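Here the structure is laid out as structure tokens; the discussion comes afterwards.
Derivation of every value follows stated rules applied to the coordinates shown; laboratory data play no part. Since the structure is predicted, the reported quantities are computational estimates derived from the model, not experimental observations. Note: ideal-geometry Cβ built from the backbone for every residue, glycine included; neighbour counts use all protein chains shown.
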Amino acid sequence: MASSCRALSANLRPLPTSSSARSLPHIQLTSRFFAVKTDFSSLRSNSNSKRFRFRRTEASMAEIVTPKSRGPVKVFDTEEDMAVSLAKYTADLANRISLERGSFTVVFSGGSLVKSLRKLVEQPYIDSVDWSKWHVFWVDERVVPKDHPDSNYLLAYTEFLSKVPIPSGNVYSVNDALSAEAAADDYETCLKHLVKTKTIDQSINSGFPKFDLMLMGMGPDGHIASLFPGHPLVHENEKWVTFIKDSPKPPPERISFTLPVINSSANIALVVAGAGKANPVYIALSDVSNSDVLPVQLVQPEGELTWFLDKEAASKL
């Protein structure tokens, strides 16, 4: 088992510390309570929203309680404000858990999620976060070489990993030399080894790996990871890592954590921006009934689920 994990780490290039990233400014939010103002007029009033509760907690953010909220739902004036708050949330969680456990396991998805982490490479986080304690994983990956434009690893490396001093041996990428099925088996073997060595915690309730933080986006169809609406993989409940060869979104071959692994997480942040994703956000958080359950509706972690939405994504609530 150990050889599988070493092989994964050996694929990685060194992760240099970016001196330019250290000089970028940090935007400080003002923390105070006040009533919702007219700049949230895009949050539509309807029969469902009468049951929503809004609370202003920062100058650019409101918290919403909806019929299906399982944790905080944070709505921001802009995607930039959302990125600032996400950086603070992630850094605070990482530092607290690193002190408690001596390590911090974090899972990335692809798409716009990694770009939303851009504030973490700025001050004060670039110097205040103990990056040596981070262990980085992927909730899903496309079965392509690491230097391919579709690679989730390449996106994470370009936008984030190359700018922070996380040890290369703590970054567990998918083996791109294997087939989809073999890569899924190999990644699951690696996870089981890291659970056995207590690098990754294990859920007492489910027996699945319990990551400290899973940072996830959502597709406009309501998919999460590479679990798509109506696909049989949504119902996989035994494997830790599975594979798909007929993804409705290209590229067709991918590997993905299964839903039980996702839901064993201690913390999940669902980060969603843009009007094109407003409908699945509405379905997931309101009490509307739909015949086909979206994968995002099945995200019910053991720990806390926090939504980070810009006001366009929240526009139908």
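Quick look at the values:
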{"read-out": "Between the stretch 152-169 and the stretch 253-317, the alpha-carbon center distance in angstrom", "value": "25"}
{"read-out": "Full-stretch length increase - S168, A275 - with 0.36 nm per residue and alpha-carbon distance subtracted", "value": "34.9 nm"}
{"read-out": "Order of D186, D246 under a 10 Å beta carbon neighbour criterion, fewest first", "value": "D246, D186"}
{"read-out": "Summed residue charge, Cβ within 11 Å of F160's Cβ, Lys/Arg positive, Asp/Glu negative", "value": "+3"}
{"read-out": "R70-D246 pseudo-label distance in nm [points 7 Å out on the Cα-to-Cβ vector]", "value": "2.8"}
{"read-out": "By average C-beta atoms within 10 angstrom, highest first, the peptides 148-157, 206-215", "value": "206-215, 148-157"}
{"read-out": "By average C-beta atoms within 10 angstrom, highest first, the peptides 235-241, 220-226", "value": "220-226, 235-241"}
{"read-out": "Compactness of the stretch 79-142 as Cα Rg over 2.2 N^0.38 Å, two decimals", "value": "1.12"}
